[in-house]
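The values are calculated or read from the model by the stated rules, or taken from the named source; none is laboratory data. Since we're looking at a predicted model, the values are computed, not measured. With ideal geometry, Cβ positions are generated from the backbone for all residues, glycine too; neighbour counts draw on all protein chains shown. Protein only, heavy atoms only, side chains kept; ligands, DNA and RNA dropped before computing areas. Shrake-Rupley method; radii C 1.70, N 1.55, O 1.52, S 1.80 Å.
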Amino acid sequence: MTPDSSLSELVTPAQRHRVLALTPLAHLRECWARLDITVSHRCVRGPDIGMAMVRGRMGGSGNAFNLGEMTLTRVSVALDDGTSSGGTLGHGWIAGRDREHAELIAVIDACAREARWSRQIDEALIAPLTQRLAAEHDAQSQQAAATRVDFFTLVRGE
């Protein structure tokens with residue numbers, strides 16, 4: 001990363017969405033409130049609850065197969081900007097049935113598409129949430145590693 005590059009240039013919408021979807025709603029709502037970005041919006045699609053097919057690969061490299069279905073919620077919102085064109089669109093989707101979580105993600109996504117808030121959202125919201133998720137992942141990995149069992153075979157000498 002060069003000194004003049006900003007975090008917002010490095011955070012893609014897909015990365016932003018992943019972090020928002022993995023963050024629990026209560027914590028996300030609290031962190032979003034701290035940014036003090038207040039916008040009005042309207043839902044243009046959804047929130048809809050549906051199913052999506054989950055595909056897998058044996059060993060990560062084999063032929064793809066249908067693993068099963070999972071429930072997901074999606075919503076699209078438009079920021080109310082006072083024009084007839086409808087405002088900036090944002091989309092949110094999460095695993096499960098939490099309509100409020102999906103809608104909040106869509107609002108944050110729409111705000112992040114606005115140049116005036118993009119950098120603030122990436123630096124003050126996405127970066128800390130990313131660090132928190134990484135720390136939680138490391139803690140879970142260490143806990144799992146502590147319970148690891150190594151199996152070995154003894155060769156009987158005859």
Practice problem: Mind telling me which of 11, 39, 54 comes out most flexible in a GNM of the chain, alpha-carbon contacts under 10 Å? | Solution: 54
Self-check item: Sequence-distant residues sharing a close amide H with residue 80 (under 5 Å, placed H)
Solution: 40, 41, 42
Quiz item: Residue separation times 0.36 nm, minus the C-alpha to C-alpha distance between residue 152 and residue 44: what's the value?
Solution: 33.0 nm
Quiz item: What residue among 19, 66, 118 has its Cα farthest toward the positive end of the dipole of the chain, where the charges are +1 on Lys, Arg and -1 on Asp, Glu, each on the Cβ?
Solution: 66
Quiz item: With the calculation restricted to Cα positions, what are the radius of gyration and Dmax of the chain in angstrom?
Solution: 20.8, 88
Quiz prompt | Accessible area in square angstrom per residue, region 11-137, 1.4 angstrom probe | solution = 58 Å²
Quiz item: Where in the chain lies the longest segment free of chymotrypsin sites (Phe, Trp or Tyr not before Pro) that are both loop residues by DSSP (not H, G, I, E, B) and have at most 16 other Cβ atoms within 10 Å?
Solution: 1-150
Practice problem: Within region 59-82, find all residues whose amide N lies under 12 Å from a label point positioned 7 Å from the Cα of residue 98 along Cα-to-beta-carbon. | Solution: 73
Practice problem: Can you send over the carbon and sulfur percentage of the accessible area for the chain, probe radius 1.4 Å, protein chains only? | Solution: 52 percent
Quiz prompt | Backbone N within region 100-136 under 16 Å of label point (7 Å from residue 70 Cα along the Cβ vector) | solution = 102
Quiz item: Mind checking the dipole of region 11-158: about its Cα centre, +1 per Lys or Arg Cβ, -1 per Asp or Glu Cβ, Debye to the nearest 20?
Solution: 260 debye
